[in-house]
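The structure appears right after this line, and notes come after that.
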Amino acid sequence: MMRTLKARLGTAAGEPDADRPANEPPSLAMAASVVALGFLGSRLLGLLRTVVLAHQFGTSPDLDAYFVAFRIPDLIFQLLAGATLGSAFIPTFARVVADRGERDGWRLASGVMNLLFAATLLFAVLGLLLAPLLVPLTAPGLGEHTGEQARLTSLSVDLTRIMMLSPVLFAVSGMCMGILNAKHHFFAPAFAPMFYNAAIIVGALISKDVKVLAVAVVLGAVLHLAVQLPALRLVGMRWQPVWDWRDKAVREVGRLMGPRVIGLAAYHLNFVVATFFASTAGSGSISAVNYAWLVVMTPLGLFGMAISTAVFPRMAEQAARDEKQLQETVSKSLRLILYLTIPASIGLVVLAKPITAFLLRSGSFDATSTDLVVSALVFYSIALFAHAGIEILSRGYYALSDTRTPVAFAVVSMIVNLVLSLILVWPFGIKGLAAALSVATIVEFTLLIRNLERRLGGLDAGHLVFSLTRTIASSVLMAEVILLWLALLRLAGLLDLARKPEAAFAVMGALALGAVTFFYTSRLLHSDEAEVLVQRLPLPERLRAYLGRAE
């Protein structure tokens, strides 16, 4: 049975099979497909999680307290484990295995995991003790508009303390993900988040008490770790009780990690800023910005994060061998990401209200909650392409062992977001907060691409412009078709978004018409990325031949 499981996991994750040499990594298409499938499942469950939360809690003050409490443990994990996984550990692990063999590689992995666990545990204990001080600093206006400031602050402190165990579990689980990705094993890491989301969904369904929801977060973290342990054993990982922070490779991880901690701090402080100001913008505002961001995360996770996660181990190897190959990989990946996220960005802007009503409007989530979320979703969606582009561009720097440059640009982005939030929150509320983050993200994307282009001697700018013009033109036509569809439904009296069937019909019809319009227009305009999708998607041969015909 174990042999059968290994064969299945190995093939799906890109491990050697009978037709491929043992030292050859899986194809980018296979790796991206596995990661994309995992991200798709995770994002669908993430959407379901959002739907269940909306139905059970709406934009209630108690849910505001939950989102505030969630921010502190999440920040601890992201700054410690998040910093290690991609930018620092994977390139160092790849070099150690190549130069000194797998035995030293596993020793490095154990050492980093042990030190990371100890550091996260220390910060979690500090967070638990300092929660009564941290919560009011994070959301000074929590409960102020409802006269429940003392109760909600106390509730948020309790929730913070419950969830403080989750970053410790995620630190170990995140290291497992980094190790498996470095070994080109994408199956278990890609599907682990599904178990995390499932636990939260169950917690929300069985109780309307947000404390039960906090316990579900911790149980989800346990499942996130447990599902990866068998896969870790299959790739040969053997944990060792080593704590040698003076080891050269461990110190190299720490050196690379240092600047990345600052960069991740800057990125996640953007959301702390949003929570801080949203707490002063009225009851339900914290929940609204979180709902809007969770909706935006669906295409971002499926396209930007999936492709970037799958391609990064290969980029790290190419950086050590041939920067020309790295240049080509970054350029192709960026064009594909933009091809997928630009229409998604425009589609979310056009369909913000129908999508929000379709996904979230039920139970405790009423028309007022819908309008709150839509106001943030429209402005978050504008920068979806930039968020996704940053995922691949930043990994281009990490592959070159340069963690300082993306950090500098992330800090610039944070400052822009803070300044614009201060200016825009008072006249525009959460619309201003979402717009501030979008402008800051576009600034960061622009700085990253211009500097990386110089660093790599170009990113095939001509091909990028060729691709972008066709993608934008196809997206504009797609938006016009969607708007026409909505106008026809309105004329026919079939656009009552308060009714779930009509909202579903409007959204599904718009998505189908939009996707067909975008794809065929891009094919007519000879977009290379459309051809890539035709060749890579698992379509029946007859349908592939039809879609792939020269127009």
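Which of the pairs 332/431; 431/500; 183/208; 183/332; 208/353; 208/500 have their Cα atoms more than 30 Å apart in this structure?
Result: 332/431; 183/208 exceed 30 Å.
Taking the Cα centre of the chain as the origin, how large is its charge dipole in debye, to the nearest 20, when only Lys and Arg (+1) and Asp and Glu (-1) carry charge on their Cβ atoms?
Here the chain has a charge dipole of around 760 debye.
How high is the relative contact order of the chain, in percent, with contacts defined as C-alpha pairs under 8 Å that are six or more residues apart?
Relative contact order here is 19 percent.
Give the relative contact order (percent, whole number) for segment 27-256; include only Cα pairs under 8 Å separated by 6+ residues.
Taking the mean separation of contacting Cα pairs over the length of segment 27-256, I get 34 percent.
Just check segment 316-390 against the gyration tensor rule for me: Cα atoms, a ≥ b ≥ c as the square roots of the eigenvalues, rounded for a/c under 1.5, and otherwise prolate or oblate depending on whether a/b exceeds b/c.
It is prolate, given that a/c is not under 1.5 and a/b is the larger ratio.
Mind putting a number on the dipole of segment 219-276 about its Cα centre? Charges go on the C-beta only, +1 for Lys and Arg and -1 for Asp and Glu, and I need it in Debye to the nearest 20.
It works out to roughly 160 debye.
Grab the other residues whose beta carbon is less than 15 angstrom from that of residue 61, score K and R as +1, D and E as -1, and report the net.
-4
In which sequence would 80, 44 go, from the one with the fewest C-beta neighbours within 10 Å to the one with the most?
So the ranking, lowest neighbour count to highest, is 44, 80.
Could you tell me how far the Cα centroid of segment 160-232 sits from the Cα centroid of segment 360-431, in Å?
First find each Cα centre; the distance between them is then 24 Å.
Helix-only mean residue ellipticity at 222 nm, the chain, DSSP H runs n ≥ 4 weighted -39,500 (n - 2.57), per residue, nearest 500. What is it?
-27000 deg cm²/dmol
What is the diffusion coefficient of segment 379-444 in µm²/s, taking the Kirkwood radius over Cα pairs and the Stokes-Einstein relation at 37 °C with a viscosity of 0.692 mPa s?
266 µm²/s
Just for the Cα atoms in the chain, what are the lengths along the principal axes, largest first, rounded to whole Å?
65, 65, 50
For segment 27-256, evaluate the Debye formula with one uniform point scatterer on each Cα (no solvent term) and list log10 I(q)/I(0) at q = 0.12, 0.14 Å⁻¹, rounded to two decimals.
Computed log10 I(q)/I(0) values: -0.71, -0.92.
Per the Debye formula with a single identical scatterer at each Cα and no solvent contribution, what log10 I(q)/I(0) holds for segment 363-513 at q = 0.12, 0.16, 0.20 Å⁻¹?
-0.74, -1.05, -1.21
If you take every residue apart from residue 359 with its C-beta less than 15 Å away from the C-beta of residue 359, what net charge results, scoring Lys and Arg +1 and Asp and Glu -1?
Its environment carries a net charge of +3.
Once you place label points 7 Å from the Cα toward the Cβ at residue 98 and residue 226, how far apart are they in nm?
3.8 nm
With just the Cα atoms of segment 224-325, tell me how far they stretch along each of the three principal axes, in Å, largest first.
51, 34, 33
Return the whole-Å distance between the Cα centroid of segment 438-514 and the Cα centroid of segment 56-79.
The distance from the Cα centre of segment 438-514 to that of segment 56-79 comes to 30 Å.
Placing +1 on the Cβ of each Lys and Arg and -1 on the Cβ of each Asp and Glu in the chain, which of 46, 90, 345 has its Cα farthest towards the positive end of the resulting dipole?
Result: 90, furthest along the dipole toward the positive end.
Run the paramagnetic zone check for residue 494: 7 angstrom along Cα to Cβ, then residues of segment 345-372 with backbone nitrogen under 20 Å.
351-359
Could you compute the longest span of the chain free of chymotrypsin sites (Phe, Trp or Tyr not before Pro) located in DSSP loops and having at most 16 other Cβ atoms within 10 Å, not counting the site residues?
In short, 246-551.
Can you check what the net charge comes to around residue 331, using other residues whose Cβ is under 10 Å from the Cβ of residue 331 (Lys, Arg +1; Asp, Glu -1)?
After counting each charged neighbour, the total is -1.
Quick note: the coordinates plus some simple rules give every number you see, no bench work behind them. All of these numbers come straight from a predicted model, not from anything done at the bench. As a convention, Cβ positions derive from the backbone with ideal geometry for all residues, glycine included, and neighbour counts pool all protein chains shown.
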